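A quick write-up on the structure given underneath.
Every number here is computed from the coordinates shown, using simple stated rules; none is lab data. Since this is a predicted model, take the numbers as computed values, not measurements. Reconstructed Cβ throughout: ideal geometry from the backbone, glycine too, with neighbour counts over all protein chains shown.
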Amino acid sequence: MKFTKFIIMAIGIFSLWSCVSEKNQKEPKAKHVVVIGFDGLSPDGLEKAITPTFDKLIKEGAYTFHARAVLPTSSSTNWASMIMGAGPEQHGITSNSWEKNNFVLPAITQSEDFLFPTIFSLVDQQIENAEIGAIYHWDGFGRLFEKSAVDYDVAGKTEDETALLASQYIENKKPTFTFIHFDHIDHAGHEFGHGTKEYYKSVEKADKLLEQVFNAIKKAGIADETVVIISADHGGVGLGHGGESLAEIEIPFIIWGKSVKKNHKLNYPVYQYDNAATVAFVLGLKMPIAWIGKPVKNALMDFSEIDDYPLTERLKEPIILPKAILNKKAGGLFDEQTEIIIENPNNIGKVFYTIDGTMPSKDSNAYKAPFKTTKNTVVKSAIFKDGIISSAINEAYFRVKPKNLEAPVTYELFYLNNLSGIPSLQNRTPDSMGRCFEITSDEVKEEIKSNTVVRFKTQVVIEKEGEYTFYTRSDDGSKLWVNNVEVVDNDGDHGVKEKAGKIALKVGKYPLEVIWFNGGGGGWLAVFYQSAIIPKQIVPTTVLR
């Protein structure tokens, strides 16, 4: 009997605790939330640019430089994921070409026609008389949310106008939820390249715009009841994005304000779709079951979730000289021989490397001094600490040719209009012709402009029978044929993307043709191959005829 009473009391206490816990989960942590998104802002940008406002908010808030975007790392897909609490598998916005009347994958659920429910609709439906604003520099953002849920919906013509409109709105309306989008960093990345001085200048401009918005929050008198979240849709490599590299997929996530821990480094993973979930949690909203995002509770006071899978802290990868520039991999094409130099950018750890394309391990060569090579060499290196790999792998492709080798590749350039894919070149007269050593955009870069198609032709020498894999890595589309058989189809209007195909070849020489187009902005092309005995590498000029 006593045991039965104990069980009943325990259940009652647990139920009471459960109710209190559920109530606390739904209690707002702040009255106002402002999300500020900077298109194309990478962690590298914040680390290398001069950004006193960002630095101040990091010191006064919680942050990570290792939050992850979703794939593909395109703008529409990631802005949608940021406000929808879900990935492209759920919301169906899988590329920048998505429109309500042009999509492949329908949303798994919807708040209005063909649109997955966003944080805007949650705030509108669950908070009585909520004031909601969306101010965005890229007008494409405006097609991603429910118009009926937003009280102030405006696209700024410039980043300065966007900051001014957002600041005035915050001061005058003291909104419950504000989303601000800036696009100018992405413009700099596409025009000048990520990691360039112009790119860092655009980040510094963002810092001043951020300061302007924060001053508006203070002038509105709501700073003590506001949470601000700062993030991005993607990073970038070279002149583009869309791929799967860390430089493209890692983004900053900074949260500041009421109930937020100070100078707190977030040690657990944060994903793009966690942004909306965090807004919902801060405002005490119930999230749809269809959302997969989780609130970043560890950023808030009185929350500390711990498990066995924190973020993997990586050292910076080794630098192989000549180092990578924009989309161009480290290494290069040299006459007769070249020297390979590897640097450790960290003050700890040791560099281990291989020269046969295999993954480095603690049993690989330890780098001690520069060394020479007289043949095509694929170098892979990493930093090891206490015998454990502690950085990403860096790879470089060194190609060595005879000094007097005749250029074995012919190319034809065609200047056309409005390209979104590879056109038919039949009966077209090229605008320019020439010869080059390799099938890369570097070989013809002086002649490339918007809406250019290039056709490369040569022969590839196969010295051992087997299955060969060919790759094109391009921005925009490309196709590759071996022995008049289409092996790789990487066509389309896209950022740097790699695709591969396989073909069985006997010993001999085979026609090799590649067609690549650049629709606009910065283009890129590199062609690789691989077999059971040949490591993946840029197709070297020494196997072309």
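Observations on the model:
- If R0 is 30 Å, the Cβ-Cβ spacing of Q168 and D55 corresponds to a FRET efficiency of close to 0.70.
- Shape category assigned to the stretch 58-130 from the gyration tensor of Cα positions, a/c cut at 1.5: oblate
- With a cut-off of 10 Å between beta carbons, the residues surrounding G349 carry a summed charge of +2, where Lys and Arg count +1 and Asp and Glu -1.
- The antiparallel fraction among DSSP beta bridges confined to the stretch 319-401 stands at about 75%.
- Couplings 3J(HN,Hα) for the stretch 30-42, derived from phi with the Karplus relation 6.51 cos²θ - 1.76 cosθ + 1.60 (θ = phi - 60°), are 7, 8, 9, 10, 10, 9, 10, x, 10, 4, x, 7, 9 Hz, where x marks Gly and Pro.
- Cα-Cα over 28 Å, subset of K208/K350; K323/K385; K56/K201; K329/K499; K316/K457: K208/K350; K316/K457
- Evaluating 6.51 cos²θ - 1.76 cosθ + 1.60 at θ = phi - 60° for every residue in the stretch 221-238, the Karplus couplings come out as x, 10, 4, 6, 10, 10, 10, 10, 10, 10, 7, 8, 8, 5, x, x, 9, x Hz, glycine and proline recorded as x.
- One chain, two ends: E244 and E343. Fully extended at 0.36 nm per residue, the span grows by 33.2 nm beyond their Cα-Cα distance.
- Karplus-derived 3J(HN,Hα), 6.51/-1.76/1.60, for each residue of the stretch 150-159, Hz, glycine and proline x: 10, 7, 10, 10, 8, 9, x, 6, 9, 5
- Seen through its C-alpha gyration tensor, with square-root eigenvalues sorted a ≥ b ≥ c, the stretch 80-194 comes out oblate because a/c lies at 1.5 or above while a/b is not bigger than b/c.
- Annotation: the residues S304, S478, S76, sorted from fewest to most other C-beta atoms within 10 Å of their own C-beta, follow the order S304, S76, S478.
- Size of electric dipole in the chain: Cβ of Lys, Arg +1 and of Asp, Glu -1, about Cα centre, debye, nearest 20: 1340
- Exposure proxy order (Cβ contacts within 10 Å, fewest to most) of E211, E161: E161, E211
- Net charge, G221 excluded, C-beta distance under 14 Å - Lys, Arg +1, Asp, Glu -1: +3
- Share antiparallel - DSSP beta bridges, the chain, percent rounded to 5: 75
- Sequence of K499, K323, K506 once ranked by neighbouring C-beta atoms within 10 Å, starting from the fewest: K506, K323, K499
- Sites K208 and E463 - FRET efficiency at Förster radius 45 Å, r taken between beta-carbons, to 0.05: 0.15
- In degrees, nearest ten, helix 197-219 long axis to first principal axis of the chain (Cα): 10
- Between 0 and 90°, nearest 10: helix 2-26 axis offset from the chain longest Cα axis: 70
- With both labels modelled 7 Å from their Cα along Cα-to-Cβ, the K26 to E313 distance reads 4.0 nm.
- Inverse mean reciprocal Cα-Cα distance (Kirkwood Rh) of the stretch 411-461, Å: 11.8
- Overall form of the stretch 30-299 per C-alpha gyration tensor (a/c, 1.5; a/b vs b/c): rounded
- Over the chain, DSSP H runs of length four or greater, each weighted -39,500 (n - 2.57), average out per residue to a 222 nm ellipticity of -7000 deg cm²/dmol.
- Among the listed options (1) 31; (2) 24; (3) 38, the one matching percent of Cα pairs over 38 Å apart as calculated from these coordinates is (3).
- Fraction in percent of alpha-carbon pairs per bin - 10 Å, the stretch 409-543: 13, 47, 31, 9, 0
- Efficiency of FRET between D113 and Y268 - r from beta-carbon atoms, R0 41 angstrom, step 0.05: 0.65
- The distance from the alpha carbon centre of the stretch 158-175 to that of the stretch 449-517 is 50 Å, rounded to a whole number.
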